[in-house]
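The values are calculated or read from the model by the stated rules, or taken from the named source; none is laboratory data. Predicted model, so just to flag it, every value in this text is computed and none were measured. Positions of Cβ are backbone-derived with ideal geometry, glycine not excepted, and every protein chain shown enters the neighbour counts. With ligands, DNA and RNA removed, areas are computed over all heavy atoms of the protein, side chains included. Shrake-Rupley method; radii C 1.70, N 1.55, O 1.52, S 1.80 Å.
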Amino acid sequence: RLPFSLVDADGKTIVRDKHLLSLKDLNQSEVLEDLLDAGASSLKIEGRLKDVSYVKNVTAAYRSKLDAIFARRKEYVRASSGTCRFDFTPRLDKSFSRGFTHYFLQGRDREISSFDTPKSLGEEMGTMKEQRGNYLTVAGVKPFHNGDGVCFLDEQGRLQGLRINRVDGNKLYPAGDVPRIKPRTRLFRNFDQEFERVLSRKSAERKIAVRMLLADHHSGFSLTLTDEDDNRVTITLPREKEPARTPQTDNLKTQLSKLGNTPFEAKEIEISFTGNWFLPASVLADFRRQAIDQLITARRINYRQELLVWKSTNHAFPQTTLTYLGNVMNHALLIASIPQAYGIF
């Protein structure tokens, strides 16, 4: 991704000091459903030299899109248990990128390179309107925050940047020296202070849904837990039944729903009592903890390890013949290309 100059056979410089081998970042999130329909069953995100906030943001973006697809397409089944919830809205343009491209998935696209810079531009925020004294006036629809990082390409096409010390409406007060920026220059935010602050703390969780049934029987009580993968456990509590002075159903449900830092959340709680029995909160809490421990053990025992099985597919492909430009190598193409390579056909 270093800068190069492109010189022709006559010694004429065609391009000077541009990052000619710097490609944009692959982003197939907008065609994710097409990839699933083509048979893709696993996805890999960029990870080399990426920080925690990048991983959080990108995985949340794809998880949200997958969940939306699965909600519409019941033939697809998640490979993992639980439902993810996020304390932020995933935005791919807020994480490191050199701009996005599909490469050649949708034809031979010329806009696959980031010639001006191999660094991240971030999200486009607007344009520079005017510069006065120690502040910049910007024209845009997205708000800046104190501490944001701003970058732009100067008149020579070089990447420049600044850190915002203070924001006052559409006025930006940079920290340190104010660089000269030509009016109507496009401004990008490559560091969102507020977004990074959210991602620096716990910002997501995955919970497995569980149904709970608390019932009485001749010698005490039983608690049955059934998770979303149909793992089920039942434990019993030998205890003499004690009539309560006030209705207990709501209180019992409240106590059972306190699953705290466990991987579960109560989707449904049913109380099946023949009378209005009293159970102390401490006794019920210990009863619940024992049941959760048993369910976790049952999940470990019943977990089925995935085995790699090669299966042939019949997914339609628009092309019947391919050249080397297809960037594909499989058995069918290999058989077809060998005779051609040796002039047999």
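The table below gives the values:
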{"read-out": "DSSP-loop GluC sites (Glu not before Pro) across segment 121-220, with at most 11 other Cβ within 10 angstrom", "value": "155"}
{"read-out": "Label point distance in nm, residue 319-residue 16, each placed 7 Å from Cα along Cα→Cβ", "value": "3.9 nm"}
{"read-out": "Amide H partners (placed H, <5 Å) of residue 269, local residues excluded", "value": "212"}
{"read-out": "Cα point-scatterer Debye curve for the chain, base-10 log of I(q)/I(0) at q = 0.06, 0.07, 0.12, 0.15 Å⁻¹", "value": "-0.42, -0.55, -1.04, -1.27"}
{"read-out": "Pairwise centroid distance, computed over Cα atoms, of segment 50-80 with segment 165-214, Å", "value": "21 Å"}
{"read-out": "Sparse-neighbour loop sites [GluC sites (Glu not before Pro); segment 1-102; at most 10 other C-beta within 10 Å; DSSP]", "value": "75"}
{"read-out": "Reference-scaled alpha-carbon Rg (2.2 N^0.38 Å with N residues) for segment 3-90", "value": "1.65"}
{"read-out": "Phi-based couplings in Hz for segment 55-64 (Karplus 6.51, -1.76, 1.60; Gly and Pro marked x)", "value": "4, 4, 5, 5, 5, 5, 5, 6, 4, 5"}
{"read-out": "Estimated distance in nm for a label pair at residue 201 and residue 285, the labels positioned 7 Å out from Cα along Cα-to-Cβ", "value": "2.5 nm"}
{"read-out": "Computed [θ] at 222 nm, helices only, for the chain once each DSSP H run of length n ≥ 4 contributes -39500 (n - 2.57)", "value": "-7000 deg cm²/dmol"}
{"read-out": "³J(HN,Hα), Karplus 6.51/-1.76/1.60, whole Hz, each residue of segment 143-157, x for Gly, Pro", "value": "x, 8, 10, 4, x, 5, x, 10, 9, 7, 9, 6, 5, 8, x"}
{"read-out": "Listed residues 278, 70, 104 arranged by accessible area, highest first, probe 1.4 Å", "value": "104, 278, 70"}
{"read-out": "Solvent-accessible area, 1.4 Å probe, carbon plus sulfur percent, for the chain", "value": "51 percent"}
{"read-out": "19 Å cut-off, amide nitrogen to a point 7 angstrom out along residue 173 Cα→Cβ, residues in segment 181-205", "value": "193-194"}
{"read-out": "Under 5 Å, built H, 5+ apart or other chain: amide partners of residue 113", "value": "24"}
{"read-out": "Mean separation of Cα contacts under 8 Å (6+ apart) over length of the chain, as relative contact order %", "value": "13 percent"}
{"read-out": "Kirkwood-based shape ratio for segment 148-270, expressed as Rg/Rh from alpha carbons", "value": "1.43"}
{"read-out": "For residue 4, residues with placed amide H under 5 Å, excluding near neighbours", "value": "17, 18, 19, 20"}
{"read-out": "Qualifying trypsin sites (Lys or Arg not before Pro) in segment 225-267, DSSP loop, other Cβ atoms within 10 Å at most 13", "value": "245, 258"}
{"read-out": "Rounded to whole Hz, the Karplus (6.51, -1.76, 1.60) HN-Hα couplings of segment 20-27, x for glycine and proline", "value": "5, 9, 8, 8, 5, 8, 5, 9"}
{"read-out": "Calculated FRET value between residue 186 and residue 267, using beta carbons and R₀ = 51 Å, to 0.05", "value": "0.60"}
{"read-out": "Simple label model, 7 Å out from Cα along Cβ direction - residue 71 to residue 52, nm", "value": "2.9 nm"}
